[in-house]
Amino acid sequence: TSLESLLPEHAVAEFPAWETLPHERLSPSSDTVGRRLGVLRRLAHPSADDPAAGPVRVLVAPIRAVLQPVVRGLGDLEPVAVQAGDELPMDELVRRLAGAAYTRTDLVDKRGQFAVRGGIVDVFPPTEEHPVRLEFWGDTVEEIRWFKVADQRSLEVASHGLWAPPCR
């Protein structure tokens, strides 16, 4: 939005509307669910440590999003948050991602998915432009980097780590 050019980075949050109507027998996409839950989490529990999960100064929402009911307590759902250097068994991370409704796949190519290969876990949070790759050494998260979906090649270090709100 235009507001993003006038305010500090991450000060503006967009609260999207559901792309499905309540009477339709379709589930909303994990993109939309995750983005909505991410915004609700930031509103209920802003993080002073991570600007991307910090306080929201301006909330942009289409009228459909404002009119759609929101269940109390959704902002209290904890995202899966991991920083480089954290001690966390890989199977615990996998359990937490599955508990947050991420789908396990062989290759991550859509938001709401994760993949495990050797000492690497790839995760595509619905709130991010690119997925992240967590590299483990034993139970220690050695490095967290962005990567491209098209060729699966690593990009720069994701300095804020992994912040993955639930997808369902």
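What percentage of the solvent-accessible surface of the stretch 7-86, computed with a 1.4 Å probe over protein heavy atoms, is contributed by carbon and sulfur atoms? Working shown, then result.
Working: 2780 of 4900 Å².
Within the stretch 7-86, the accessible surface is 57 percent carbon and sulfur.
Let me check I've understood the local charge: for G34, count other residues with C-beta under 9 angstrom from its C-beta, Lys and Arg +1, Asp and Glu -1. What total comes out?
Numbers: positive: R35, R36, R111, R168; negative: D31.
Charge balance near G34 sits at +3.
If I stretch the segment between E92 and H130 completely, what's the gain in nm (0.36 nm per residue apart, minus their alpha carbon distance), one decimal?
Numbers: separation 38, 0.36 × 38 = 13.68 nm, distance 2.30 nm.
So the extension gain works out to 11.4 nm.
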**Report entry** Neighbour count of at most 13 Cβ within 10 Å plus DSSP loop: longest GluC sites (Glu not before Pro)-free window in the chain
**Finding:** 25-128
Requested in this report: Using just the helices of the chain, give the 222 nm mean residue ellipticity in deg cm²/dmol: DSSP H runs with n ≥ 4 each add -39,500 (n - 2.57), and the total is spread over all residues, rounded to 500.
Outcome: -5000 deg cm²/dmol
Requested in this report: Count charges around F136 for me, please; just the other residues with Cβ under 15 Å from its Cβ, Lys/Arg as +1, Asp/Glu as -1.
Outcome: -4
Query raised in the report: To the nearest 10 square angstrom, what accessible area does H45 show with a 1.4 Å probe?
Result: 80
Query raised in the report: Tell me, what ³J(HN,Hα) does each residue in the stretch 62-71 have, in order and in whole Hz, if you take phi through Karplus 6.51 cos²θ - 1.76 cosθ + 1.60 with θ = phi - 60° and put x for Gly and Pro?
Result: x, 4, 4, 5, 6, 7, 6, x, 10, 6
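Probe of 1.4 angstrom, ligands and nucleic acids ignored: what's the accessible area per residue over the stretch 65-154, in square angstrom?
Working: 5020 Å² over 90 residues.
Here the residues of the stretch 65-154 average 56 Å² of exposed surface.
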Query raised in the report: Considering only DSSP beta bridges with both partners in the stretch 1-128, what is the antiparallel share in %, to the nearest 5?
Result: 45
Query raised in the report: Using a basic spin-label model with each label point 7 Å from the Cα along Cα→Cβ, how many nm lie between D139 and E78?
Result: 1.6
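Work out how much length L59 to A17 would gain on full extension: take 0.36 nm times their residue separation and subtract the Cα-Cα distance, in nm to one decimal. If you can, show how the numbers build up before the last one.
Values: separation 42, 0.36 × 42 = 15.12 nm, distance 1.29 nm.
Residue separation times 0.36 nm, minus the Cα-Cα distance, leaves 13.8 nm.
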Query raised in the report: For the chain, what mean projected area does the convex hull of the alpha carbons give, in nm²?
Result: 10.5
Report summary line: Under 5 Å from the placed amide H of V60, counting only residues 5+ away or on other chains, we find A13, E14, F15
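The values are calculated or read from the model by the stated rules, or taken from the named source; none is laboratory data. Everything quoted here is computed from the prediction, not taken from an experiment. Positions of Cβ are generated from backbone atoms using ideal geometry, with glycine treated the same way; all protein chains shown enter the neighbour counts. We work out accessible area using only protein heavy atoms, side chains counted, and drop any ligands, DNA or RNA first. Shrake-Rupley method; radii C 1.70, N 1.55, O 1.52, S 1.80 Å.
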